[in-house]
Amino acid sequence: MNEHQARVDELVREMGGYWKPFEMLTALVEEVGELADELLKVEGVKGKGNRDSLEEELGDVMFALACIANYYGIDLLKALKGSVEKYRIRDKSRLEEQHEVARG
Ligand SMILES: [Mg+2]
C-alpha cells in the first residue's frame with residue numbers, strides 16, 4: 001500500500017471502517033457523476049465551473065477508488081503503472097498498424 005492509500009486507510013478506520021464493496025462501488029459511481037457535472041460546467045455545457053471544483057471532484061473519485069483498492073489490498077500506483085504499460089503497448093501496435101495502412 002502506498003503512502004496515499006495508507007492515509008485513506010487511517011481515516012477510514014478512524015471513521016468506523018470500510019463499507020461493503022457494493023456500497024463503495026456506489027460511492028465511486030456517485031463521485032464520477034459529480035466529476036461529470038463539474039467537467040460539463042468547466043466546459044460551459046452546463047452552467048459555469050472552475051478548475052478548483054474539478055480538482056475537488058477528481059480528489060473525491062480518487063478517495064472512493066482508494067477505498068475499494070484498500071479493501072482488496074491492491075496498490076493503486078502499481079495498478080496505474082500496469083495500465084500505462086498496457087496502453088503503451090496497445091497504442092504502439094495501433095500506431096504501427098496506422099503507419100502500415102498509410103504506406104499501403
Ligand atoms: Mg464529490
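Where a number appears in this text, it was derived from the coordinates with a stated rule and is not lab data. Remember, predicted model here, so these are calculated numbers, not experimental data. Every residue, glycine as well, gets a Cβ built from its backbone with ideal geometry; the counts of neighbours run over all protein chains shown.
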| field | Set of lysines with alpha-carbon distance to LYS81 below 20 Å, sequence-local pairs under 8 removed | value | LYS92
| field | Cα gyration tensor shape of the chain, rounded if a/c is under 1.5, else prolate or oblate by comparing a/b with b/c | value | oblate
| What list of ³J(HN,Hα) values in whole Hz, one per residue of region 81-93 in order, does the Karplus curve 6.51 cos²θ - 1.76 cosθ + 1.60 (θ = phi - 60°) give from phi, with Gly and Pro shown as x? | 4, x, 5, 4, 5, 4, 5, 4, 5, 4, 6, 5, 5
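Hey, got a sec? Which trypsin sites (Lys or Arg not before Pro) in region 1-87 land in a DSSP loop and have at most 15 other Cβ atoms within 10 Å?
Working: sites: ARG7, ARG13, LYS41, LYS46, LYS48, ARG51, LYS78, LYS81, LYS86; in loops: LYS46, LYS48.
Here the trypsin sites (Lys or Arg not before Pro) that fit, given the DSSP loop and packing criteria, are LYS46, LYS48.
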| said: From the phi angles alone, apply the Karplus equation (6.51, -1.76, 1.60; θ = phi - 60°) to region 38-47 and give each ³J(HN,Hα) in whole Hz, x where the residue is Gly or Pro. | reply: 5, 5, 4, 5, 4, 7, x, 7, 9, x
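How do VAL12, VAL84 rank when sorted from fewest to most other Cβ atoms within 10 Å of their own Cβ?
Details: VAL12 18, VAL84 10.
Ascending number of Cβ neighbours within 10 Å: VAL84, VAL12.
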| field | Relative contact order computed over the chain (Cα-Cα under 8 Å; 6+ residues apart), in percent | value | 33
| field | Table column - 3J(HN,Hα) (Hz), region 50-58, Karplus curve with 6.51, -1.76, 1.60, x for Gly and Pro | value | 9, 5, 5, 5, 4, 4, 4, 5, 4
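Which loop chymotrypsin sites (Phe, Trp or Tyr not before Pro) in the chain, with loop taken from DSSP, have no more than 13 other Cβ atoms within 10 angstrom of their Cβ?
Values: sites: TYR18, TRP19, PHE22, PHE63, TYR71, TYR72, TYR87; in loops: TYR18, TRP19, TYR72.
Within the chain, the qualifying chymotrypsin sites (Phe, Trp or Tyr not before Pro) (loop, at most 13 other Cβ atoms within 10 Å) are TYR72.
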